[in-house]
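**Q** One structure follows; several queries about it will come next.
Any read-out appearing in this document is the output of simple, stated calculations on the displayed coordinates, not a laboratory observation. Computed from a prediction, not measured in an experiment: that's the story for all the values here. A quick note on method: Cβ atoms are made from the backbone with ideal geometry, for glycine too, and the neighbour counts reach across all protein chains shown.
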Amino acid sequence: MDLMTIFTNSFAQLIAPTTAAYVLAAIGLNIHFGMTGLMNMGQAGFMLLGAYGFAITQSMGWNLFASVLAALTLAAVYAVLLGIPTLKLGPDYLAMVTLASAEIIRIIGRSTSLTSITGGSGGISPQDFTTQFENLSPLPEGNSTILLWSYSNNIADSWWLRIVAWALVLIAVLLTWRWYRSPWGRVLKGIREDENVIRSLGKSVTKFKLQSLFLGGAFGALSGIIFVLPRSVQPDSLGRQVTFYVWTILLLGGAASILGPVLGSCLLWVLLTVVKESMREGISSNLISSNQIESLGWVIVGVALMCLVIFRPQGLIGDRRELAFNA
Amino acid sequence: MVALLSKKRALRSVMVFAGAALIIILALLAVPPATASAAEAVTTCNPTSSNACVNGILQDSSKQAIAGVQVTLGGEESATTTTDSSGKWAFSVTADGEYTVSLPSDVMKNHGLKSDKATVTVKKGDFSKARQVVRFDEAQESDGAQSGSSASPESSDTKASTQASSGQEESAFSNFMSRFWQQLFSGVIFGLMLGLMSVGMNLVYGTTKLSSFSHGEQVSLGGLMAYVGTQILHWPLVLSAILAVAVGAATGLLQNELVWKPLRRRHIGPMQQMIVTIGLSMALQYVFQFFFGGDVKGITTSVPQGFQMGPITTDFTTLMLAGIALVVIIAFTLFLYGTRLGRATRAVSDNPALASASGINVEQVVRVVWIISTALAALSGVLIGIYLNGIAWNTGALMLLLMFSAVTLGGLGTANGALVGSLVIGVVADMSSLVIPDDMRYVSALAILIVVLLIRPQGIFGKQQRVG
C-alpha cells in the first residue's frame, strides 16, 4: 500500500501543472542560454513579474487575455531594462544583474509598504485571480478520476489547468522547434558560439540578444502564470531557488535541445518525489524530520547540478557540439 | 567638453537618466499612502514614514538577557513575538496611538522584574515617538535606543520605565540628524564586514575569472562553526572563531583540490564553473539547514553595554568587531603589496599566462588565494554573526548579492576595489532606510549594481577596457 502511494504521488508529478510551469520556464531559459548563450540567473524574476502582472490585473477585473498580455508586456519591459545595461558586457555581469533584479522584484513585491497592491509577503490569494480562468473551462462541474489520479475538473489544481498548461507546453515546443531551424535561430546560435563572427556579417548582436531575452522572458512570464494558478501568488515561492531548479532542469534534459526541458522537468520532479516520499515512508520521523527531508531534496538537486556540469554537460539528450560557448 | 561627446556617449547618458528615473520611480512607489496593516513582529525595527516601532531588550535586574519569552502587543494593533537569544524583541506598527506591551506574569516573578506591563504612545513621523523602547527591569541607564533622547518614565499606572517623549524641545531636524549619523555609523561597520567578505571573492575572480556564487555559504559556514564552538562545545569565543577560520580555510583548500583544479585542468570555461558554484551553493545551504534548522543561531548570549559616542550610540563589541575587520583588511592589503607571494598573486590576477612564463607557480598562487578567500569569509561570518546577533543557514546567501554589488562597484578583480565598493554599499544600504521602507533597503544596494554597469562597467578601480 505504501509503495502504491509513493508510485501514485510520484507519477502524478508527470502531469502536474507545476511540472508544466517549470517546463515553460526551462524552455524560456533554453532560448536564453541554450540558443544564445546568455547567462540568465533570474528566470524566477520573469516568472514573478508574469504572475504579478496576471494576478493584479485579474483582481482589478480585467479580461483574461488582457491580463495575459499585461504579464507579457511587463516581461518585455523588464527584458529591455535588463538588456540595455548588460548585453554589451560579459556573461558574469548579465548573471549578476539578472540575479539581483529578480531579488529586487521579490523584495519590492513582499514589502509591507505595497500590501495594498501585491499583498506583501502574504501575497494574493487564489479567489482574487483564478475565477475567470476557471469559468472559461468547458468541462462539467465535479471531480474526475483517470487511472490513479483524481482531481477536480475546474477548480484550483484541476484537470482544466493541466490541459491548458500542457497545451501551452506543446505550443512552446513547436515554436522553439521552428525557431531553432529558422535563419533567426541560426543567428542566435552564431552569437552563442562567436559573436564577433555575427558582428562581422553586419548583424546587430545586441538587437538579437534583446529579442532572445524578451522571448525567453515571455515564456518565463507564462510559466509564472501557470505556476501560481493552482496556489497563490507568493513572492517568496518564486525566489532564487526556482531559478536554480530551472537551471538544473535545463542542464539535466540537455541545453540547446528541443525536448530537453520537458524531459528534464518530468524526470527531476518524479525522481525528487520518489526520493522524498520513500524517505518519508522509510525513515522514522524521530530520526529525520520532514523539514530535514525537504532540505535533503535540495541538497540532491544541488549536487546533481554540480555533477551534471562536471560529468555530462550536454545533459541526457543534448549534443556536446552545441555547447561551444563564447566565454 | 559636452560638445565633444560622441553620439554613443550621449546615448549612454540618456540611458543613465532612464535608469536613474526608474530608480526614483521605484523609490516613490515604495512610499505610498500605506493602508493600515496589522502590527508585525520583526527581528529589528527601524521607524520610517509608514511604520513606527515598539521594541526593547528583556533583561533581568543583573542585566542577563531573558530569551524565549512571549511578548504580547495590544492596543491599536496587536501581535505577539518571543524574545531572541539576546533578549531582544521588536514590533513594527502602522497605526498611531496607545499600545500596551505585556509579559507572562510568572516571568516577571521568576526574574524579579518590576512590571509585566507597559503602555506607550506611538506616533509615526514624530522622531521622538516613532520608536518607543520598553524596559521591564527599571534600569535607568541609556539602553542603546537609536533616537538618542534620554530615558524618562512616562506611564504612571505601571512601574515600568519607558523611554518616551522627553524630546519635545528637540526639533525634528536634530532627530533626523542623529538618525543620520547613527545609520552612517552602522553603514560603515556593515561595510567593513562586507569588505572582509568581498576581498576574497574578488581575488578568486581576479586569479581564476570565476564569480563564486557559493561564497555566501562560506560566510554562513564561518558563523555556524563559531556557533558550534561557543554554544555546543562551550569553547571560549576566540577559540571558536579560530575553529571557524580553520574550517573555512580547510574547505577552501579542499574545494580547490577536489573541484576547481580538475575543472581548470579539463579547460571547463568559467561560465560552466559558475554553474557548478551555484549547485555547490544550493547543496551547502541546505546541508546547513539540515543540521542547524531554519532558525537564527546566536553565537554569543550576553548583551553588550551600550554607550554614547558623539551623536551615535554604540557598544564595545561593535567597535571591537569593526576593529578586527579593519586590521585584517589592512594586513591583507600589506600582504598583497608587501610580500613576494602577494606580488605573485597580483601578477596572476593581471595576466596568468605572463605570470606563468616568468616563473610564478600559478596553481600554487590559486591554491593560496582559495585558502585566504574562504578563511576571510569564515572570519567575516563570525563577525557578522556576532554583529547581527546570530547567524542562520541563509545569512550568507542574503549577503551574496551585496557582495556582488560591492565587487562590481569597486571593479571586478581589483584588489582594493572590493573594500571601497563594500563601504559604499554598506553605507547606502543602511542610510537608504532613512527614506525608503526598511524591508526594501537592500534594493538600493542592488540598484547601485545596475547603475554602475550603466555608467562605469569596469568599476571604480577597474582598468578602462572593453569588458566582455
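**Q** Would you compute the Debye intensity of the stretch B:200-304 from its alpha-carbon atoms alone, equal scatterers and no solvent, and pass along log10 I(q)/I(0) at q = 0.19 Å⁻¹ to two decimals?
**A** -0.98
**Q** If r is the Cβ-Cβ distance from residue B:351 to residue A:200 and R0 is 22 Å, what FRET efficiency results, to the nearest 0.05?
**A** 0.25
**Q** Okay, moving on. Among rounded, prolate and oblate, which fits the stretch B:325-437 when a ≥ b ≥ c are the square roots of the eigenvalues of its C-alpha gyration tensor, a/c under 1.5 means rounded, and a/b larger than b/c means prolate?
**A** Here the stretch B:325-437 falls in the prolate category.
**Q** Applying the Karplus parametrisation 6.51 cos²θ - 1.76 cosθ + 1.60 with θ = phi - 60° to the phi angles of the stretch B:438-454, what ³J(HN,Hα) value in whole Hz is obtained for each residue in order, glycine and proline being reported as x?
**A** 4, 6, 10, 5, 6, 4, 4, 5, 6, 5, 4, 3, 6, 5, 4, 5, 6
**Q** With no solvent and one point on each alpha carbon, what is the Debye value of log10 I(q)/I(0) for the stretch A:31-103 at q = 0.15, 0.17, 0.18, 0.19 Å⁻¹?
**A** After summing over all Cα pairs, the log10 values are -0.53, -0.64, -0.70, -0.75.
**Q** Next up: Taking every alpha carbon pair in the protein assembly as shown, what does the distance histogram look like in 10 angstrom bins from 0, in percent?
**A** 3, 12, 22, 25, 21, 12, 5, 1, 0
**Q** Rg over Rh of the stretch A:1-74, using C-alpha atoms and the Kirkwood radius, what does it come to?
**A** 1.14
**Q** Cut-off is 10 Å between beta-carbons; in what order do A:180, B:337, A:52, A:245 appear when sorted fewest neighbours first?
**A** By the 10 Å Cβ count, ascending, the order reads B:337, A:180, A:245, A:52.
**Q** Right, another one. Normalised by the empirical 2.2 N^0.38 Å for globular proteins, what value does the Cα Rg of the stretch A:77-172 take?
**A** Rg over 2.2 N^0.38 Å, computed on Cα atoms: 1.56.
**Q** Additional query: Sort A:277, B:217, A:141 by Cβ crowding within 10 Å, fewest neighbours at the top.
**A** Starting with the residue having the fewest Cβ neighbours, the order is A:141, A:277, B:217.
**Q** Could you give the C-alpha radius of gyration of the stretch B:178-455 expressed as a fraction of 2.2 N^0.38 Å, taking N as the number of residues it contains? Present the calculation step by step, with values, prior to reporting the outcome.
**A** On the way: Rg = 18.4 Å, N = 278, 2.2 N^0.38 = 18.7 Å.
In units of the globular-protein estimate, the stretch B:178-455 measures up at 0.99.
**Q** A follow-up question, please. Could you give the angle, 0 to 90 degrees to the nearest 10, between helix A:64-86's Cα long axis and the longest principal axis of the Cα atoms of chain A?
**A** Helix A:64-86 sits at roughly 40 degrees to that axis.
**Q** In the structure displayed, which of B:209/B:297; A:209/B:209; A:88/B:209; A:88/A:189; A:88/B:261 lie more than 26 Å apart, Cα to Cα?
**A** Violating the 26 Å Cα-Cα cut-off are B:209/B:297; A:88/B:261.
**Q** Once you treat every alpha carbon in the stretch A:236-275 as an equal point and sum by Debye, what is log10 I(q)/I(0) at q = 0.28 Å⁻¹?
**A** Each listed q corresponds, in turn, to -0.89.
**Q** Can you give me the angle between helix A:17-29 and the longest principal axis of chain A, using Cα atoms only, in degrees from 0 to 90, rounded to the nearest 10?
**A** It is inclined by approximately 10 degrees.
**Q** Amide H neighbours of residue B:53 under 5 Å, at least 5 residues apart or on other chains, H built in the peptide plane: list them.
**A** B:93, B:131, B:132
**Q** Averaged across A:94-103, how many Cβ atoms of other chains sit within 10 Å of each residue's Cβ atom?
**A** What the average comes to for A:94-103 is 6.
**Q** Over the stretch A:197-267, what portion of Cα pair distances is larger than 15 Å, expressed as a whole percent?
**A** Here the tail beyond 15 Å accounts for 69 percent of pairs.
**Q** I want the local charge near residue B:223. Using Cβ-Cβ distances under 12 Å, sum +1 for each Lys or Arg and -1 for each Asp or Glu among the other residues.
**A** With Lys, Arg at +1 and Asp, Glu at -1, the net is 0.
**Q** Return the average number of partner chain Cβ atoms within 10 angstrom of each residue Cβ along peptide B:264-271.
**A** Working: counts 0, 0, 1, 0, 3, 7, 4, 11.
Per residue, the number of nearby Cβ atoms from other chains is 3 on average.
**Q** At 222 nm, what helix-only mean residue ellipticity would chain A give, in deg cm²/dmol to the nearest 500, using -39500 (n - 2.57) for each DSSP H run of four or more?
**A** That comes out to -21500 deg cm²/dmol.
**Q** A further question follows. Compute all pairwise cysteine Cβ distances in the protein assembly as shown, then list the cysteines with no distance under 4.7 Å to another cysteine.
**A** Cysteines lacking a close Cβ partner in the protein assembly as shown: A:266, A:307.
**Q** Roughly speaking, what % of Cα-Cα pairs in the stretch B:365-407 are separated by over 16 Å, rounded to a whole number?
**A** Value for the stretch B:365-407: 46 percent of Cα pairs lie more than 16 Å apart.
**Q** Quick one: B:299, B:330, A:163, A:105, fewest Cβ neighbours within 10 Å first, how do they rank?
**A** Ordered by Cβ neighbours within 10 Å, fewest first: B:330, A:163, A:105, B:299.
**Q** Restrict the search to the stretch B:177-270; then list the trypsin sites (Lys or Arg not before Pro) that DSSP places in a loop and that have at most 15 other Cβ atoms within 10 Å of their Cβ. Display every interim value, and only then the final one.
**A** On the way: sites: B:179, B:209, B:264, B:265, B:266; in loops: B:209, B:266.
Hits after loop and neighbour filter: B:266.
**Q** Something else now. Let's see if you can work this out: charge +1 on each Lys and Arg Cβ, -1 on each Asp and Glu Cβ, no other charges. What is the dipole magnitude of chain A about its Cα centre, in debye to the nearest 20?
**A** Here chain A has a charge dipole of around 1080 debye.
**Q** Quick one: pull the percentage of alpha-carbon pairs in the stretch A:3-239 with a separation above 29 Å.
**A** 33
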